[in-house]
Amino acid sequence: MNSWKFIRNTIGLFGSAVHEGQTKTGTELAPRALREGGLISALYNLGWEINDMGDIQGKNFRTNNVKSKFFRNSQQLGSINGEISKRAYEIASKQKFMLNIGGDHSVACGSIHGLLEHYSDELRVIWVDAHADCNYQLDSNRNYHGMPLGHLYGAITEQIKGFEWLKQRLDTKNIIYVGIRDIDPMEREFIKDQKIVYYGMDEIIELGIGQVMTRILKQFEGKPIHVSFDVDSIDPEFAHGTGTLVDGGITSREVHYLLRKLAASRQLVGMDLAEINPQLEKTPELREEFFGDFQQIGRIQGTQTVALGIELIASALGRTLVL
Ligand SMILES: NC(=[NH2+])NCCC[C@H](N)C(=O)O
């Protein structure tokens, strides 16, 4: 029996095999690596029904790319995110949990947009990331994985070909950043002006992750919550396989705690897992028997960051430590 507040006992899952939001290839391989590593059986073992919709292949949306003046691969990313948004909406409207496996973080534009179409301004977002991803100045050399929130906040006002479907806006009052520590000047100003609530590394150190979660859950009390999780929020020691490493991050025990707390709130309705790049792993050999509790989720296989990714999703979806 499922006691989650806004959803039935089913996960609507899809991969977003996308690397076009930045310049390194490899993030498009993550959905497959997570599946092969045992993600589906882990979720099944936690008691979920799974509606696996397969992967959206970014490469199938390739356009005759004349260099975009807005940002790299703008039209292609517009079509990809339009498809992601459609799927996220379809999943949410059937009261299922929306699980979007990236892909670089550009894929959160579509998933959050789709959730907003269903939950409207009730939706709350926790953005766990080393970066704020709210750049909004357009330039042909920009990478959209640093911009999806700039777009969703409405700070990008230009009509961009491919993004005609983008209608919803995310109110800056309805998001909280966790783990940010590498912020561009434009983002800094924006966060300050908009008074966006954040728990960067200093706040996490000063308050402790326990108090941070207490405050977040109080602020978002009673509302449906989506967590957009970028693995570069985690210290590179625990998650090396990602393209924009930033030292001094959250530890693996802290992020698992954060996600377990969200699960325990029963308010979670969606998750993105972004920026895992299996090609960039320092130790590419598989880490079988990553750590212990196979009763709850079964056997996991993968490189360091892939295996951790599966465990993170499991923490968000009800894996517990003792009882
Ligand atoms: N999701 C990410 N890893 N984002 C990194 C963004 C880095 C930088 N702020 C940029 O806009 O290019």
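The values are calculated or read from the model by the stated rules, or taken from the named source; none is laboratory data. Remember, predicted model here, so these are calculated numbers, not experimental data. Don't worry about glycine lacking a Cβ; one is built from the backbone with ideal geometry, like all the others, and counts go over all protein chains shown.
Hey, among the residues in segment 102-133 that are assigned to a loop (DSSP other than H, G, I, E, B) and more than 9 Å from the ligand (Cβ to nearest atom), which one's farthest from residue 18 (Cα to Cα)?
Among those residues, the one meeting the criterion is 123.
Of the conditions (1) surrounded by fewer than 21 Cβ atoms within 10 Å (Cβ to Cβ); (2) of a type outside the set (Ser, Thr, Tyr); (3) in contact (Cβ under 8 Å) with a residue 24 or more places away in the chain; (4) not in a loop (DSSP other than H, G, I, E, B), residue 137 fails just one. Which one is it?
(4)
Within the group 47, 102, which residue is surrounded by fewer than 20 Cβ atoms within 10 Å (Cβ to Cβ), within 20 Å of residue 316 (Cα to Cα) and among the small types (Gly, Ala, Ser)?
Every option except 47 fails the conditions.
Please name all residue pairs, on different chains or six or more residues apart, with Cβ atoms under 8 Å, provided the first residue is in segment 209-224 and is at positive phi and the second residue is part of a loop (DSSP other than H, G, I, E, B) and at pLDDT 95 or above.
222/267
Within segment 217-269, track down each residue that is within 12 Å of the ligand (Cβ to nearest atom) and within 21 Å of residue 122 (Cα to Cα).
The answer is 228, 229.
Select from segment 157-187 the residues that are within 16 Å of the ligand (Cβ to nearest atom), over 19 Å from residue 115 (Cβ atoms) and in contact (Cβ under 8 Å) with a residue 40 or more places away in the chain and list them in ascending order.
179, 180, 181, 182, 183, 184, 186, 187
What number of residues within segment 225-264 satisfy the criterion of being under 21 Å from residue 317 (Cβ atoms), in contact (Cβ under 8 Å) with a residue 60 or more places away in the chain and of a type outside the set (S, T, N, Q)?
The number of residues fulfilling the criteria is 14.
State whether one or more residues within segment 61-70 are within 16 Å of the ligand (Cβ to nearest atom) and either surrounded by fewer than 21 Cβ atoms within 10 Å (Cβ to Cβ) or of a type outside the set (Asp, Glu) (or both).
Yes, the conditions are met somewhere in segment 61-70.
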